[in-house]
Amino acid sequence: MSTVIYPSPIFGPIHSRRLGVSLGVNLMPADGKICTFDCLYCECGFNADFRPKLKRPTREEVKVELAKVLQQRHGNHEPLDVITFAGNGEPTAHPDFKAIIEDTIDLRNRFFPEAKVSVLSNATMVYKPEVREALMMVDNNIQKLDTVDMEYIRRVDRPQQPSYDVKDVINYLKLFNGHVIIQTMFMCGDNTDNTSDKYILSWLEAMKEIKPQQVMVYTIDRETPDKLLRKASHETLDCIKARVEELGIACSASY
């Protein structure tokens, strides 16, 4: 199985399809994966296959390493579009997430004031007030919502919290009052196709409720642990994008 386990706490920069030159911040251990989802399509593999032995990086470790990299890139006049919280699991699950965001914004302002701070999240921790407060501080608050069909979510996204309920997640996403970007993975395959009206219509209704500043629709780009998954076509993504735009919501498609 081909997987990507990212260095911690800083990796990259990488060239993101959606964000540009992106310096990654990984708040998970460097030797494995800790996530509140266990998605069939995750490039980092399944949770059970990559149990870490190391601990999460501390707030101070993240601050020191990020400062070092930003200072070096600034001194070398190397470009940077965005600092992105992603990596081997759910970044908002870190116990010091809010404080780390505050440190990151301070460092960004010092070295790369034009760069954005982004968080890629699966929205499982947005019920926590301190997590929502932190996400309101970042430029790109990117939250996953692949569907509103709980049966599909249990089968494909596989939340690790027994209490997970997508209706609750939608209500919490509404609390951002538009300061949120919804990211949705569309794909095909046996029992994993969420591109039909059965899934799209209710998902569009959720977009109308949440009123995000933008929607990002995308499909598989790297090898997945489940080998039966297939990319959604350009035509399919373009059609979904057009339907979102009909709601008056900006939408991008990554193929």
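A compact table of results
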quantity	calculated
Close pairs from the range 22-42: first in contact (Cβ under 8 Å) with a residue 60 or more places away in the chain and under 30 Å from Glu78 (Cα atoms), partner in a loop (DSSP other than H, G, I, E, B) and among the hydroxyl-bearing types (Ser, Thr, Tyr), Cβ under 7 Å, at least 6 apart	Gly24/Tyr6; Asn26/Tyr6; Asn26/Ser8; Met28/Ser8
Strands (runs of 3 or more DSSP E) lying entirely in the range 118-225 (those with 2 or more residues that are more than 24 Å from Leu27 (Cβ to Cβ))	214-218
Leading residue by the ranking (nearest to the chain's Cα centre (by Cα)) among those in the range 203-230 that are at pLDDT 95 or above and open to solvent by 70 Å² or more (accessible area, probe 1.4 Å)	Gln213
Close pairs (6 angstrom Cβ cut-off, 6 or more residues apart or separate chains): without any contact (Cβ under 8 Å) to a residue 24 or more places away in the chain in the range 181-195, open to solvent by 10 Å² or more (accessible area, probe 1.4 Å) anywhere	none
Meets criteria (open to solvent by 20 Å² or more (accessible area, probe 1.4 Å), in contact with a helix residue (DSSP H, G or I) (Cβ under 9 Å, 6 or more places away or on another chain), part of a loop (DSSP other than H, G, I, E, B) and free of Cβ contacts under 8 Å to residues at least 40 places away in the same chain) for Glu78	yes
Matching residues in the range 1-42 - criterion: being out of contact with any Ser or Thr (no Cβ under 7 Å at 6 or more places or on another chain), of a type in the set (S, T, N, Q) and open to solvent by less than 20 Å² (accessible area, probe 1.4 Å)	none
Yes/no for Ile200 being touching a strand residue (DSSP E or B) at 6+ places or on another chain (Cβ under 9 Å) and either at pLDDT below 95 or among the hydrophobic types (A, V, I, L, M, F, W, C) (or both)	no
Enumeration of residues in the range 146-176 that are within 30 Å of Leu107 (Cβ to Cβ) and either within 15 Å of the chain's Cα centre (by Cα) or free of Cβ contacts under 8 Å to residues at least 12 places away in the same chain (or both)	Leu173
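The values are calculated or read from the model by the stated rules, or taken from the named source; none is laboratory data. This is a predicted model, so every value here is computed, not measured. Backbone-built Cβ (ideal geometry, glycine too); neighbour counts: all protein chains shown. Accessible surface areas use protein heavy atoms only, side chains included; no ligands, DNA or RNA. Shrake-Rupley method; radii C 1.70, N 1.55, O 1.52, S 1.80 Å.
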